Amino acid sequence: MTQASEEPRGLKGWLLLVGLGITLSPVRILWDLFKIYLPAFTDGTWSVYTDPASPDYTPHYGSSVVIETLLNVALFLYALLVAFLFYSKSRFFPKLYIGLLLTYSAFTIASAWLRTWPYPDEAIFSEETIPDIFRSFIPCAIWIPYMLLSKRVRNTFVAVPLEEDEEPV
């Protein structure tokens with residue numbers, strides 16, 4: 001015997017959507033790093049907001065941008081790891097993917113806070129951030145139960161071959 005259940009198995013069905021998201025995640029994060037964060041360091045914004053002699057000096061702006069950039073770099077590396085685990089069909093994939101989904105949601109909240117840190121009069125939960133936070137939980141509501149309950153996920157990532165003399169449970 002090789003598996004408790006042979007079907008469904010493989011990177012098919014709904015796992016194709018997971019794979020698409022996993023593949024695009026590092027690309028999207030890298031895009032954000034180059035489109036949003038890199039210009040803050042290269043277009044003069046950094047010196048305008050971090051130089052105490054500047055009329056536009058904003059306390060905590062520098063810390064906020066650096067922390068958010070570092071978090072994005074860490075998220076990029078984590079997303080690359082999860083993509084590798086997905087395509088290698090590692091048994092660690094489902095748990096680390098769930099962790100990635102929860103990390104995205106936590107990061108969305110942290111990012112909203114970091115953006116308001118230099119501006120104490122701005123609300124963390126605003127018309128702009130509430131929809132982003134809500135949207136970050138939608139994939140959690142869909143894919144976490146799928147990772148935990150799907151036979152395809154269990155057979156593709158979690159199931160291990162049975163020994164010849166073992167009975168399926």
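What follows draws every value from the coordinates through simple rules; no lab data is involved. All of these numbers come straight from a predicted model, not from anything done at the bench. Using ideal geometry, Cβ is built from the backbone for each residue, glycine included, and neighbour counts are taken over all protein chains shown.
Net charge within 13 Å of Gly19 by Cβ-Cβ distance, Lys/Arg positive one each and Asp/Glu negative one each, not counting Gly19 itself? Let's see the in-between values first.
Details: positive: Lys12, Lys89, Arg152; negative: none.
In short, +3.
With a length cut of 27 Å (Cα positions projected on each helix's long axis) and a Kyte-Doolittle mean of at least 1.0, go through the chain and give me the DSSP H helices that pass.
61-87, 129-149
Note down the net charge around Gly10, summing +1 for each Lys or Arg and -1 for each Asp or Glu among other residues with Cβ under 10 Å from its Cβ.
Computed value for this residue: +3.
Computed from the coordinates I sent, mean projected area of the Cα convex hull in nm² equals one of [x] 16.8; [y] 11.5; [z] 9.1. Tell me the label.
Step by step, mean projected area of the Cα convex hull in nm² for this structure corresponds to label [y].
Would you mind computing, in nm to one decimal, how far apart the modelled labels at Cys140 and Leu11 are, each placed 7 Å from Cα along Cα→Cβ?
About 2.7 nm separates the two model spin labels.
Arranged by the count of other C-beta atoms within 10 angstrom, fewest first, what order do Val73, Val18 take?
Numbers: Val73 14, Val18 22.
Lowest to highest Cβ neighbour count: Val73, Val18.
If neighbour count is taken as other Cβ atoms inside 10 Å, put Phe107, Phe92, Phe86 in order from fewest to most.
Phe92, Phe107, Phe86
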